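**Student:** Before anything else, here's the structure in question.
The values are calculated or read from the model by the stated rules, or taken from the named source; none is laboratory data. This one's a predicted model, so the numbers in the text were calculated from it and none came from an experiment. So basically every Cβ, Gly included, is an ideal-geometry build from the backbone, and we count neighbours across all protein chains shown.
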Amino acid sequence: MKTYIIGNWKMNFTVGESSLFLNKLLQKVHAYRDIEVVVSPSLMAIQSLSLQTDRRKIKLCAQNCYHRDFGAYTGEVSVTQLRALVDYVIVGHSERRYIFNESDKDIRSKVSAIIRNGLTPILCVGETESERTFGETADVLRDQVLGGLSEVSAEDISKVIIAYEPVWAISGHDKAARVASPLDVQDAFKLIRSVLKETYGKTTAEETALLFGGSVKSTNAESYLLLDDCNGLLIGGASLIAPEFTDIIEIAKRVKDANA
Ligand code: 13P
C-alpha cells in the first residue's frame, strides 16, 4: 500500500497565495511511486490549482462536499462538480462535526456520494478530550467508523481512507492541544482495524488505509509513520510551511524504503 501524506490547508491562503505555495511545493516534491502526496486547499482555489498541479507529484483533495449531485442547495458544492478537479474529499473532519454540527448521517451520505462519483473519501474519526477522559474512546471510534461507512457496500469499504484525528491533538482548535503518543495512536489504529475486521472481514480490514492527524510535524512524523498500522498522515498547520511539509514527505519515503 502507498503511504499518504496529505496537507489540509483548512481556511488558509487566498487563491493567489495557494498558487504560489503549490508552485513552491511542485519545485521541491519528487514524484515517488509509493508516496501519495495530496493537498487540500480552500474550495476557492481548487479550480485554478487543478490546472496548475502536476498530478504525478501532488494530487488535490476537497475539504468538504454536499451529498446531492445537483439542485437547489444554495451555497453547497457537490462531488459531481468536484469530480474533474480533485481525487480525494475529506469528510467528517472534527471541525465539521463540532463547529458545523455534522452528524454521522450527513457524513455517511457524503461518503457514499464521494464513492458514487469515483473519488476517494478520507473519513475522519476521533474522540474529544472529555470522551477520552470518560473512557469512551473505543465506543466513539466504533460509532464514527460504522456510522460513516454504513451506506458503503462491502466491496467498496477498502476504497475509503480512514484518518484517526483525536480532537484533543488538533492544533487549530485549542492552544493547549496535546501531542498524541505513538502508543495512543497505535491503540486507536488497532481498534479501528478490529472494528473493520469484525464487520467486513480480515482482507478488507488489512486493505483499508489508516492515517493519523493531529499536531504532526517534521519532528514527530517518523514516530507515527513507524507504527505497523500507519499508512500515512493528515497534516494541518505544518502543511502550510513548505519546508516542513516537504521534510515530512522525505521522512515518509525513508521509512517506506527502510521497510521495503
Ligand atoms: P494540525 O496538524 O494543525 O493539528 O491539524 C490536524 C488536522 O486537523 C488535519 O486535518
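**Student:** What are the residues in the stretch 146-176 that are modelled with pLDDT of 90 or more, more than 16 Å from the ligand (Cβ to nearest atom) and not β-branched (Val, Ile, Thr), if any?
**Tutor:** Hits for the stretch 146-176 are Leu146, Gly147, Leu149, Ser150, Glu151, Ser153, Asp156, Lys159.
Here is a yes/no grid of residues against (1) touching a residue at least 12 places away in the same chain (Cβ under 8 Å); (2) closer than 25 Å to Glu244 by Cα; (3) within 16 Å of the ligand (Cβ to nearest atom):
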| position | (1), (2), (3) |
| --- | --- |
| Val39 | yes, yes, yes |
| Ile58 | yes, yes, no |
| Tyr73 | no, no, no |
| Ser78 | yes, no, no |
| Gly92 | yes, no, yes |
| Asn101 | no, no, no |
| Ala113 | yes, no, no |
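**Student:** Still on this model: With the requirement that a residue be touching a residue at least 40 places away in the same chain (Cβ under 8 Å), part of a loop (DSSP other than H, G, I, E, B) and either in contact with an Asp or Glu (Cβ under 7 Å, 6 or more places away or on another chain) or surrounded by fewer than 16 Cβ atoms within 10 Å (Cβ to Cβ) (or both), what does the stretch 130-170 give you?
**Tutor:** Ser150, Pro166
**Student:** Could I ask something else about it? If I filter the stretch 189-239 down to residues being within 12 Å of the ligand (Cβ to nearest atom) and assigned to a helix (DSSP H, G or I), which single residue comes out as surrounded by the fewest Cβ atoms within 10 Å (Cβ to Cβ)?
**Tutor:** Applying the filter and picking the extreme gives Gly237.
**Student:** Among the residues of the stretch 103-118, which ones are surrounded by fewer than 22 Cβ atoms within 10 Å (Cβ to Cβ) and more than 21 Å from Ile192 (Cα to Cα)?
**Tutor:** Arg116, Asn117, Gly118
**Student:** Could you list, in sequence order, all residues of the stretch 219-250 that are under 15 Å from Ala169 (Cβ atoms), among the β-branched types (Val, Ile, Thr) and touching a strand residue (DSSP E or B) at 6+ places or on another chain (Cβ under 7 Å)?
**Tutor:** Passing the criteria: only Ile235.
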